[in-house]
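Engineer: Sharing a structure below in structure tokens format, with a few things to ask.
The values are calculated or read from the model by the stated rules, or taken from the named source; none is laboratory data. Quick caveat: nothing in here was measured; it's all calculated off a predicted structure. We place every Cβ from the backbone using ideal geometry, glycine too, and count neighbours over all the protein chains shown. Accessible surface is based on the protein model in full, side chains and every heavy atom, while ligands, DNA and RNA are left aside. Shrake-Rupley method; radii C 1.70, N 1.55, O 1.52, S 1.80 Å.
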Amino acid sequence: MTLKIDGADVTVPEGTLVIRAAEEAGIEIPRFCDHPLLAPVGACRQCLVDIPDAGNGRGFPKPQASCTIPVAEGMVVETQNSTAVKAQQGIMEFLLVNHPLDCPVCDKGGECPLQNQAMSHGQGETRFEGTKRTFPKPINLSPNVLLDRERCIVCQRCTRFAAEIPGDPGIALVQRGAQQQIGIAEDKPFSSYFSGNVIQICPVGALTSDDYRFRARPFDLVSTPGVAEHDACGAAIRIDHRRGKVMRRLAGNDPEVNEEWISDKDRFGFRYAVRDRLTSPMIREDGELRPASWLEAVALAAQGLAAAGSVGVLPGGRLTLEDAKAYATFARDTLRTPHIDFRSRPLSAEETGFLRSRVAGTSVTYADLDAADHVVLAGLEPEDEAGTLFLRLRKANRSGLRITTLSPYASEGSRKLGAEVVLTAPGAEKDALSQVSGVTEASVILVGERLATSPGAYSAAAELADRTGARLAWVPRRAGDRGAVEADLLPGEGGLDADAMIRQSIAGGLDALLIAGVDPDDTADPDAFIAALDAAPFVVSLEQRTTAVTERADVVLPVATASEKSGTFVTWEGRRRPFVKVFDKPAAYSDAHLLKLLAEESESDAEESVSDREESVSDASETDPSASKIDLSASRTDLSGADSDSSAYRVSTWRLMLDLGTLQGGDKALAATARPAFVRIPAELHEKVGDVVTITGDRGSWTLPALPALPAELADNTVWVPTNSFGRGVWADLASPGSTVTIEGAQQ
């Protein structure tokens, strides 16, 4: 449609709002409530324009909000004539009647749309002579989000975001008339994994961050673009820092990935970079770790690895693509070892083949999800495990996308996605996938890393994709996992995977371990992993912080965090997301740089080491023919059928987005928003055992609150518990992967 805006012809698609058409023509219209990713509401009225001709030869008698009026053929719009200017100035004067003059101390000062537009579209002097309204402040909407009510202009950006984008309408307008304000229900804080976005989109500084409040001013900060490192979604972020310290992180604008939203974990979870950081290399001497020079530590590490007959390499999932390639090269070319695996979690041999054949080199994008007719989720809870993916799926669902999820219980995240939940007991995903209907060549199948504990599930997903022509993608939990697959950080021919390396180390079959970014409590058997560290003759750790691994290592080499190096993360899509170095700190070396130093140090002993290692690998294969295979039968019950013990329940689990994870330490406000640990149990069992239960598995017991679930909400003979929200986590303190647990009422 073609219309005139300030005398210029503008052609835009039918249904375009007048304010968007003006943007296309480069014409600025002031606004506060308008946001391109939110539904129009016309709350602030600042974008009033004069429309003398609505396209039918007649005009509107009064100025209209351009953010709610769609264009019409032949429409005439005036944004800067006397009528429009008078209306805009009048609204601005009205908004400033009670807005406090606290710009010098307001966190929004210097980047405030109200400041800017008061200068560009307001009057030079005020006519207000009364006393401005005041309120006690701040109000804690949540541990992260604080509200200064006197600043609020009731634009409703925050309430609309909460209801429309994540589906967490815990913040709303309360009271009426002149008393209308933003609020929450009594004793019901604004609970959302994405609550920090309301701070960023608030146009007047009414909503502020507990973490950033009064810490700095925008003109004090240096901004650097970055990529979020907490999951595999690749959300664009902006890192604002001052004097070598990160002050805050904001969402970047990337329409192809995260649009303008990020999770609270990506926004607030950056304190780990300074908390418990390793500051210098360490070497073990007389049983104790002592600080050492870089030359001494690198030389000792290289000598120890070169002297080892067989070496296991466990690089974890925090790596950039560059680091992952460096580990692959170092393991295969320098150490000559096929024993390499990035998976620091429950895994399977089936998964190894799936990653190589169906994941590496493939690409399914967010745009493919938008265009799909049906998305099937298996072994994946997007709200907890992939925040950006969750928001994109929710947006697509609101536009008509059908979503089916195979899950042990109907979670809140599934409800927000509008998903059809197929209740699937742990281990039964193979059969459930074979029975999913409505999958076509326009569909997308998304599988998570948790399917590794479900025999045949990955093969069933691949068969479903082949049979229907649907796209298939793997969504891991950690930012470096997809890059590790692309770099082939998986066992080579005759090589051991992570589980087998642990068993071999305990049995004395490995002479050294090279470990980076692995938390023992994340592994399938944490106690066995610790025992493997204790049994290994030589352990080298490349790590950022003090961990259970560094405490047992013979050489500890500190490595740079994501903000201290440049690199590339590969998202679950297969999209490469490069980022630049934020801080140029001395002696902050990436994994790739340290591996290069180790390789150079090892060159002099290469020929001798090669023959020793080849002989060791040959011996290992002869003494343990099954070493290259993963056998979890000792720790997994048969999940395909009902358990013979009617009092035992299959335990299903996944990580909540905010839990006790290593990279979430240091931010108290963020930790306070984490959802409490609880056990989801059948309603009939809840009636018998009460609100607090003791859940007992083959590795220990937990006493936790219990929440009931109706039969339509929880798979038969199944209970659910978060993986890492209590104690040391499920695998360390409660049960082995695939095992069963018993439930009884807690002793009062």
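Engineer: Looking at this structure, is Ile27 open to solvent by 20 Å² or more (accessible area, probe 1.4 Å), farther than 30 Å from Gln180 by Cα and among the β-branched types (Val, Ile, Thr)?
Structural biologist: So Ile27 passes the test.
Engineer: When you look at Gly90, is it part of a loop (DSSP other than H, G, I, E, B) and either within 30 Å of Phe268 (Cα to Cα) or open to solvent by less than 40 Å² (accessible area, probe 1.4 Å) (or both), yes or no?
Structural biologist: Against the criterion (part of a loop (DSSP other than H, G, I, E, B) and either within 30 Å of Phe268 (Cα to Cα) or open to solvent by less than 40 Å² (accessible area, probe 1.4 Å) (or both)), Gly90 does not qualify.
Engineer: Further, regarding this structure: Looking only at region 192-199, decide whether some residue is within 23 Å of the chain's Cα centre (by Cα) and either of a type in the set (A, V, I, L, M) or over 22 Å from Ile237 (Cα atoms) (or both).
Structural biologist: So far as region 192-199 goes, yes, one or more of its residues are within 23 Å of the chain's Cα centre (by Cα) and either of a type in the set (A, V, I, L, M) or over 22 Å from Ile237 (Cα atoms) (or both).
Engineer: Quick one: count up the residues across region 150-190 that are among the polar types (S, T, N, Q) and in contact with a Phe, Trp or Tyr (Cβ under 9 Å, 6 or more places away or on another chain). Quick ask: steps written out before the conclusion?
Structural biologist: Just the residues of region 150-190 that are among the polar types (S, T, N, Q), to begin with: 156, 159, 175, 179-181.
From the residues that got through so far, the ones that are in contact with a Phe, Trp or Tyr (Cβ under 9 Å, 6 or more places away or on another chain) too are 181.
Looking only at that region, the number is 1.
Engineer: Please indicate, with yes or no, whether at least one residue in region 459-472 is of a type in the set (Val, Ile, Thr), at pLDDT 95 or above and crowded, with 23+ Cβ neighbours inside 10 Å.
Structural biologist: Scanning region 459-472 turns up no residue that is of a type in the set (Val, Ile, Thr), at pLDDT 95 or above and crowded, with 23+ Cβ neighbours inside 10 Å.
Engineer: Hey, another quick one. Here is a list: Val447, Val421. Which entry is open to solvent by less than 20 Å² (accessible area, probe 1.4 Å) and in contact (Cβ under 8 Å) with a residue 12 or more places away in the chain?
Structural biologist: Val447
Engineer: Restricting attention to region 36-50, report how many residues are touching a helix residue (DSSP H, G or I) at 6+ places or on another chain (Cβ under 6 Å) and open to solvent by less than 30 Å² (accessible area, probe 1.4 Å).
Structural biologist: Here the count works out to 6.
Engineer: May I pose another question? Arg575: within 26 Å of Val485 (Cβ to Cβ) and at pLDDT below 95, yes or no?
Structural biologist: no
Engineer: Can you name every residue in region 325-347 that is of a type in the set (A, V, I, L, M, F, W, C) and either within 22 Å of the chain's Cα centre (by Cα) or at positive phi (or both)?
Structural biologist: Residues satisfying the conditions are Phe342, Leu347.
Engineer: Another question, if that's okay. In region 444-471, which residues are outside any helix (DSSP H, G or I) and under 24 Å from the mean Cα position of the chain (by Cα)?
Structural biologist: Keep residues of region 444-471 that are outside any helix (DSSP H, G or I), which gives 444-448, 454-456, 469-471.
Hits for region 444-471 are Val444, Ile445, Leu446, Val447, Gly448, Ser454, Arg471.
Engineer: Look through Thr83, Thr68, Thr16 and report the one residue that is of a type in the set (S, T, N, Q) and open to solvent by less than 30 Å² (accessible area, probe 1.4 Å).
Structural biologist: That would be Thr16, the only listed residue that is of a type in the set (S, T, N, Q) and open to solvent by less than 30 Å² (accessible area, probe 1.4 Å).
Engineer: Condition check: in contact with a helix residue (DSSP H, G or I) (Cβ under 8 Å, 6 or more places away or on another chain), acidic (Asp, Glu) and within 26 Å of Ile515 (Cα to Cα). Does Asp370 satisfy that?
Structural biologist: no
Engineer: Pick from region 397-418 the residues that are among the aliphatic types (A, V, I, L, M) and touching a Ser or Thr at 6+ places or on another chain (Cβ under 9 Å): which of them is surrounded by the fewest Cβ atoms within 10 Å (Cβ to Cβ)?
Structural biologist: Ile403
Engineer: Quick one: Pro13 ticks every box in (1) touching a residue at least 24 places away in the same chain (Cβ under 8 Å); (2) part of a loop (DSSP other than H, G, I, E, B) except a single one, so which number is it?
Structural biologist: All conditions pass for Pro13, except number (1).
Engineer: Sticking with this structure for a sec: Filter region 355-380 down to the residues that are surrounded by 24 or more Cβ atoms within 10 Å (Cβ to Cβ) and touching a Ser or Thr at 6+ places or on another chain (Cβ under 6 Å), then identify the one that is nearest to Trp654 (Cα to Cα).
Structural biologist: Leu377
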